[in-house]
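What follows is a single structure, written as structure tokens, with notes after it.
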Amino acid sequence: MLGEFEYLLISASSRLGDEAYGATIRIAIEEATGSACSVGALYTTLDRLEQKGLIETSMSEPTAQRGGRAKRLVRVTAKGAREASQFYRAVVRSSRGVAWEALPPGAR
């Protein structure tokens, strides 16, 4: 089963489509979670997901906007989409009947 961060990365990559690369994925994750996403964690996870066959990466042509640097483009594979879908369904099933409203201090 995917981990939470792996799921977030695959979801962001899928949503971004042709614009999915390190910087845009990082921004999407930070906007979705409200938390900082470290570059190291992002690229380590990209490597792991690629080794598992859940994503494929390729290098773009260098761009002037990036000072002549290429982008590491990300594409979610069919296997990655299936695993993300399974993770999502598991979270939904396990969350049924749970109210995640803030409880007053000391209440349980």
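The values are calculated or read from the model by the stated rules, or taken from the named source; none is laboratory data. Note that the structure is a prediction, hence the values are computed from the model and not measured. Cβ atoms come from the backbone with ideal geometry, glycine included; neighbour counts cover every protein chain shown.
The figures follow:
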{"read-out": "Single unsatisfied condition, Arg75 versus (1) surrounded by 14 or more Cβ atoms within 10 Å (Cβ to Cβ); (2) over 13 Å from the mean Cα position of the chain (by Cα)", "value": "(2)"}
{"read-out": "Segment 58-108, residues that are modelled with pLDDT under 80 and either under 28 Å from Tyr21 (Cβ atoms) or in contact with a Cys (Cβ under 6 Å, 6 or more places away or on another chain) (or both)", "value": "Gln65, Arg66"}
{"read-out": "Where a residue in segment 84-99 is closer than 25 Å to Lys52 by Cα and its partner, wherever it lies, is at pLDDT 95 or above and outside any helix (DSSP H, G or I), with Cβ under 7 Å and at least six apart", "value": "Ala84/Leu2; Phe87/Leu2"}
{"read-out": "Number of positions in segment 1-26 that are surrounded by 14 or more Cβ atoms within 10 Å (Cβ to Cβ), of a type outside the set (Phe, Trp, Tyr) and not in a helix (DSSP H, G or I)", "value": "2"}
{"read-out": "Those residues of segment 27-62 which are surrounded by fewer than 15 Cβ atoms within 10 Å (Cβ to Cβ) and part of a loop (DSSP other than H, G, I, E, B), in sequence order", "value": "Gly34, Ser35, Ala36, Ser38, Lys52, Gly53, Ser60, Glu61, Pro62"}
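Okay, residues lined up against (1) more than 27 Å from Arg89 (Cβ to Cβ); (2) not β-branched (Val, Ile, Thr):
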position	(1), (2)
Glu4	no, yes
Ile10	no, no
Tyr21	yes, yes
Thr24	no, no
Val39	yes, no
Glu56	no, yes
Ser60	yes, yes
Gly67	yes, yes
